[in-house]
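Scroll down for the structure; my scribbles are underneath it.
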Amino acid sequence: MLTVYAAISMKKPSHPFGELGLIEQIRRDFATSSSAVKLGIGDDCAILRPPPGCEVLVTTDFTLEGRHFRRDSHPPESVGHRCLARGLSDLAAMGATPIAAFLSLALPSTMLAESAGRTWTKSFFNGLRALAELHSVPLAGGDTSESPGGRSALILADIVLIGSAPKGKALRRSGASPGDALYVTGQLGGAAAELATMLKRRRRTPNNKAAKTTEDHPHMFPEPRLDVGEALQRRGLATACLDISDGLSTDLAHLCRASGVNAEIEQEALPIHPFAGKLDAPAALHAALHGGEDYELLFAAPSSVRLPSSLAGVPLTRIGTLKARRAGHPLMTLLAPDGSHTELKPGGWEHFSKPVRTPKKPPR
């Protein structure tokens with residue numbers, strides 16, 4: 001198989017659980033009988049059977065130690081869960097049904113040589129497998145490698161998700177029109193608030209299996225909204241959709257640019273997660289608008305269509321309206337409770353840029 005991150009050492013491992021042992025363990029733990037996977041782990045390629053009349057959708061996401069997680073603060077089950085959740089959320093945003101997952105994993109050489117490292121790796125796969133089983137997503141292949149750097153090497157994971165949607169029916173960012181209403185699923189700001197709390201503690205959150213839910217841990221165990229995305233696509237309710245991975249303000253800007261519209265957000269309508277609600281008002285608003293990693297869906301729908309208060313058991317909240325693009329007008333505006341408007345600039349996550357600081361005062 002193609003080695004992505006670094007060449008595997010040709011030396012015979014001094015421990016019994018090397019790369020081949022890891023692959024065999026993965027093969028046993030992720031054995032699948034999915035009708036969509038004709039051939040899974042074991043050969044040079046997997047063989048998939050897309051459903052008839054459907055198009056294939058592909059997404060890929062990195063999970064990088066030091067960027068997306070820290071070994072001293074994130075339980076390995078959370079790292080595995082979030083690795084898969086990132087890709088599943090992309091499929092949800094396009095109304096797709098998962099077919100299979102592929103994982104490329106680079107580990108420090110010491111990980112499989114030491115008991116603590118093998119325990120971490122096993123727990124990582126336990127977290128990934130639990131979410132995969134919940135959504136019937138088979139792991140159909142991937143790659144393993146030794147990451148460079150010796151004892152200071154980092155863990156690198158790349159997840160590829162394959163999904164399907166009826167031809168011409170996948171949800172896009174570019175289909176919204178002026179006059180459409182804007183909605184979000186679930187609640188906002190919880191992931192950012194939990195992450196801030198975790199980093200202040202500077203110690204790993206206990207692994208509590210009973211608390212592995214989005215409500216209890218929106219950052220560590222986010223729930224991709226696959227059922228909502230499929231329902232929006234199947235019922236033709238959404239004109240445009242994407243997931244909130246980089247923050248509402250940043251992802252809304254993507255939708256506006258792709259659809260050629262402006263947006264007005266009502267501050268009072270934002271569904272604030274209880275974790276964010278414990279913060280002071282400016283910090284709570286900042287978490288909801290810019291925090292990111294909520295993995296909720298942001299979508300547009302015609303104002304003439306009456307949407308239910310929830311879909312697939314997930315609350316839907318109308319947060320604003322799309323406007324016609326006008327030269328000289330802000331791409332996005334925020335309507336404050338007192339009726340005043342202020343420009344809303346993208347303030348979420350963007351790679352290769354400096355992080356946005358929490359404002360000292362709320363927008364007026």
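Can you spot a residue in the stretch 286-293 that is at pLDDT 95 or above, surrounded by 14 or more Cβ atoms within 10 Å (Cβ to Cβ), assigned to a strand (DSSP E or B) and touching a Ser or Thr at 6+ places or on another chain (Cβ under 8 Å)? For the stretch 286-293, residues at pLDDT 95 or above, surrounded by 14 or more Cβ atoms within 10 Å (Cβ to Cβ), assigned to a strand (DSSP E or B) and touching a Ser or Thr at 6+ places or on another chain (Cβ under 8 Å): absent.
Restricted to the stretch 220-279, and to residues there that are aliphatic (A, V, I, L, M), surrounded by 22 or more Cβ atoms within 10 Å (Cβ to Cβ) and in a helix (DSSP H, G or I), the residue that is nearest to the chain's Cα centre (by Cα) is Leu226.
One residue is enough: does the stretch 137-149 have a residue meeting the conditions charged (D, E, K, R) and farther than 16 Å from Gln25 by Cβ? Scanning the stretch 137-149, I find at least one residue that is charged (D, E, K, R) and farther than 16 Å from Gln25 by Cβ, so the answer is yes.
How about the stretch 75-110: which of its residues are in a loop (DSSP other than H, G, I, E, B) and in contact with a strand residue (DSSP E or B) (Cβ under 9 Å, 6 or more places away or on another chain)? First the steps, then the outcome.
To start, the set of residues in the stretch 75-110 that are in a loop (DSSP other than H, G, I, E, B) comprises 75, 94-96, 108-110.
Correct list: Met94, Gly95, Ala96, Pro108, Ser109.
Across the stretch 298-337, the number of residues qualifying as assigned to a strand (DSSP E or B) and hydroxyl-bearing (Ser, Thr, Tyr) comes to 4. Looking across Arg151, Arg173, one residue alone is outside any strand (DSSP E or B), surrounded by fewer than 23 Cβ atoms within 10 Å (Cβ to Cβ) and within 18 Å of the chain's Cα centre (by Cα). It is Arg173.
Test Ser73 against the criterion of being in contact with a helix residue (DSSP H, G or I) (Cβ under 9 Å, 6 or more places away or on another chain), farther than 19 Å from Phe221 by Cα, modelled with pLDDT under 95 and hydroxyl-bearing (Ser, Thr, Tyr), and give yes or no. For Ser73, the condition - in contact with a helix residue (DSSP H, G or I) (Cβ under 9 Å, 6 or more places away or on another chain), farther than 19 Å from Phe221 by Cα, modelled with pLDDT under 95 and hydroxyl-bearing (Ser, Thr, Tyr) - is not met.
Thr97 - would you say it is surrounded by fewer than 21 Cβ atoms within 10 Å (Cβ to Cβ) and within 26 Å of Ser35 (Cβ to Cβ)? Judged against the criteria, Thr97 is not a match.
When the stretch 30-69 is filtered for residues that are touching a helix residue (DSSP H, G or I) at 6+ places or on another chain (Cβ under 8 Å) and either of a type in the set (Phe, Trp, Tyr) or touching a residue at least 24 places away in the same chain (Cβ under 8 Å) (or both), the ones remaining, listed by number, are Phe30, Ile41, Leu57, Thr59, Thr60, Asp61, Thr63, Phe69.
Confirm whether Pro108 is within 21 Å of Leu226 (Cα to Cα) and either out of contact with any helix residue (DSSP H, G or I) (no Cβ under 6 Å at 6 or more places or on another chain) or modelled with pLDDT under 95 (or both). Answer is no for this residue. When Ser145, Ser152 are checked against the criterion of being more than 21 Å from Gly21 (Cα to Cα) and either among the charged types (D, E, K, R) or in the same structural domain as Gly53 (by TED's automatic domain parsing) (or both), Ser152 stands alone in meeting it. What number of residues within the stretch 308-322 satisfy the criterion of being farther than 15 Å from Ala269 by Cα, surrounded by fewer than 18 Cβ atoms within 10 Å (Cβ to Cβ) and in contact (Cβ under 8 Å) with a residue 60 or more places away in the chain? Count: 3. Residues of the stretch 50-93 that are surrounded by fewer than 20 Cβ atoms within 10 Å (Cβ to Cβ) and touching a Pro at 6+ places or on another chain (Cβ under 8 Å): Gly53, Cys54, Glu55, Val56. Which of the residues belonging to the stretch 36-74 are outside any strand (DSSP E or B) and among the aromatic types (Phe, Trp, Tyr)? Listed by number, the list is empty, since nothing qualifies.
The values are calculated or read from the model by the stated rules, or taken from the named source; none is laboratory data. Worth saying up front: this structure is predicted, and the values here are computed from it rather than measured. Every residue, glycine as well, gets a Cβ built from its backbone with ideal geometry; the counts of neighbours run over all protein chains shown.
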